[in-house]
């Protein structure tokens with residue numbers, strides 16, 4: 001039951017939040033539920049204060065104001081926010097009632113005519129199909145789920161003779177949940193992001209650039225329950241200030257999807273100059289990337305992050321062949337996670353649009369990888385050859401030079417604070 005474009009406005013007074021994977025967590029489920037509830041409260045704060053009712057597999061949110069209901073603007077916000085909340089399988093605004101047949105019947109018969117009328121206005125004389133889906137966990141209720149569905153089908157199909165029953169793909173759907181202390185009637189289901197609530201899986205450090213891939217990789221890690229900090233690289237003065245402001249804008253957008261993470265900016269230029277002057281140009285990009293991972297590993301240890309995240313995608317560019325990915329990864333002292341390694345580019349672009357990073361990433365701003373970019377990058381190499389190239393470099397000195405020229409950037413106002421990473 002997704003949200004049709006012709007869905008009329010209803011003065012809903014509560015929310016039903018569903019999860020799926022969390023339900024498999026056994027004795028640890030309460031910790032996952034608590035984290036999801038905390039995230040729901042943060043993300044939906046603009047809708048007011050809620051009381052929480054937890055049932056197995058369900059979270060009900062009820063306004064603390066007993067006379068309150070959601071405005072049309074509130075529902076637009078819900079439909080925009082819910083698909084981006086990790087851990088949430090789906091969400092339905094609806095009517096919370098006493099678990100008694102007269103109250104349920106009054107609600108359905110009062111509001112269903114508006115749903116039917118909206119369908120007719122939008123679809124004209126198209127076939128009109130109907131279904132009710134009832135879940136009854138209160139076995140003391142005098143009717144079974146099937147009996148309730150048949151009861152309402154009889155009433156509504158007599159009132160609207162143009163309707164027929166379709167239990168697979170009904171155009172007009174009514175949802176009903178009956179619990180021991182409440183009943184909940186709804187007419188729409190908004191898909192959530194799925195996965196696990198952000199923060200439950202621990203902290204990671206993401207290598208965030210201004211491209212399309214790395215912000216989407218960050219979001220995919222949020223969907224697996226990770227809290228993210230970010231590290232970005234620039235090559236000032238060879239890269240403009242816009243290089244950092246663009247990444248800060250991306251971090252600001254990503255931070256709306258989690259508890260805000262920190263953004264660390266590191267000037268890679270000392271390492272890039274040494275690699276340019278002392279190493280073969282064919283391996284320049286791989287050597288840059290290995291230095292980035294070394295720096296990120298040091299920074300992650302200081303920040304308390306347990307793994308690194310990149311937007312690498314197998315075969316997308318010369319540095320992302322199997323051989324080159326393996327060579328690059330060897331430089332990291334931490335687990336390296338690549339959530340997009342098998343994603344098609346169109347999938348990444350679609351997700352970027354959904355999470356609100358596409359427009360920011362599409363801005364044409366140079367990044368550090370373009371500085372001294374080689375004309376002939378190696379597509380396949382060997383670790384022994386790369387280590388031979390690195391013998392010409394004082395890697396520890398270069399790491400210290402890069403780390404001492406680093407700062408934290410506030411994504412809200414672009415202010416900089418020196419980072420004490422040495």
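The values are calculated or read from the model by the stated rules, or taken from the named source; none is laboratory data. Note that the structure is predicted; figures quoted are calculated from it, not measured. Note: ideal-geometry Cβ built from the backbone for every residue, glycine included; neighbour counts use all protein chains shown.
If residue 322 meets every condition in (1) exposed (fewer than 14 other Cβ atoms within 10 Å of the Cβ); (2) more than 22 Å from the chain's Cα centre (by Cα); (3) farther than 21 Å from residue 284 by Cα apart from one, which number is that one?
Exception for residue 322: condition (3).
What number of residues within the stretch 23-68 are assigned to a helix (DSSP H, G or I), closer than 14 Å to residue 86 by Cα and touching a strand residue (DSSP E or B) at 6+ places or on another chain (Cβ under 9 Å)?
The qualifying residues number 7.
Hey, any hits in the stretch 222-230 for a residue that's assigned to a loop (DSSP other than H, G, I, E, B) and touching a residue at least 60 places away in the same chain (Cβ under 8 Å)?
Yes: one or more hits.
Mind listing whichever residues of the stretch 358-375 are in a loop (DSSP other than H, G, I, E, B) and either within 29 Å of the chain's Cα centre (by Cα) or closer than 16 Å to residue 289 by Cα (or both)?
Selection gives 362, 363, 364, 365, 366, 367, 371, 372, 373, 374.
Before we move on, is residue 244 out of contact with any helix residue (DSSP H, G or I) (no Cβ under 9 Å at 6 or more places or on another chain), under 12 Å from residue 414 (Cβ atoms) and buried (at least 19 other Cβ atoms within 10 Å of the Cβ)?
Considered against the rule, which asks whether it is out of contact with any helix residue (DSSP H, G or I) (no Cβ under 9 Å at 6 or more places or on another chain), under 12 Å from residue 414 (Cβ atoms) and buried (at least 19 other Cβ atoms within 10 Å of the Cβ), residue 244 comes out as yes.
Output the strands (runs of 3 or more DSSP E) that fall wholly within the stretch 138-194 and possess 3 or more residues being modelled with pLDDT of 95 or more, touching a strand residue (DSSP E or B) at 6+ places or on another chain (Cβ under 6 Å) and crowded, with 17+ Cβ neighbours inside 10 Å, or say none.
172-178, 183-186
If I go through the stretch 367-408 residue by residue, how many of them are surrounded by fewer than 16 Cβ atoms within 10 Å (Cβ to Cβ), under 21 Å from residue 270 (Cβ atoms) and at pLDDT below 85?
Within the stretch 367-408, residues that are surrounded by fewer than 16 Cβ atoms within 10 Å (Cβ to Cβ), under 21 Å from residue 270 (Cβ atoms) and at pLDDT below 85 number 2.
Is it the case that some residue within the stretch 94-108 is buried (at least 20 other Cβ atoms within 10 Å of the Cβ) and within 26 Å of the chain's Cα centre (by Cα)?
Yes: the stretch 94-108 contains one or more residues that are buried (at least 20 other Cβ atoms within 10 Å of the Cβ) and within 26 Å of the chain's Cα centre (by Cα).
Determine whether the stretch 268-288 contains at least one residue that is closer than 23 Å to residue 407 by Cβ, touching a residue at least 12 places away in the same chain (Cβ under 8 Å) and within 28 Å of the chain's Cα centre (by Cα).
Among the residues of the stretch 268-288, not one is closer than 23 Å to residue 407 by Cβ, touching a residue at least 12 places away in the same chain (Cβ under 8 Å) and within 28 Å of the chain's Cα centre (by Cα), which makes the answer no.
Can you find a residue in the stretch 335-344 that is farther than 30 Å from residue 304 by Cβ and under 27 Å from the mean Cα position of the chain (by Cα)?
Yes: the stretch 335-344 contains one or more residues that are farther than 30 Å from residue 304 by Cβ and under 27 Å from the mean Cα position of the chain (by Cα).
Considering only helices (runs of 4 or more DSSP H) fully contained in the stretch 274-357, which possess at least 3 residues that are under 25 Å from residue 199 (Cα atoms) and at pLDDT 95 or above?
In the stretch 274-357, the matching helices (runs of 4 or more DSSP H) lie at 284-303, 345-355.
In the stretch 97-134, how many residues are over 27 Å from residue 60 (Cα atoms) and part of a helix (DSSP H, G or I)?
Qualifying residue count for the region: 7.
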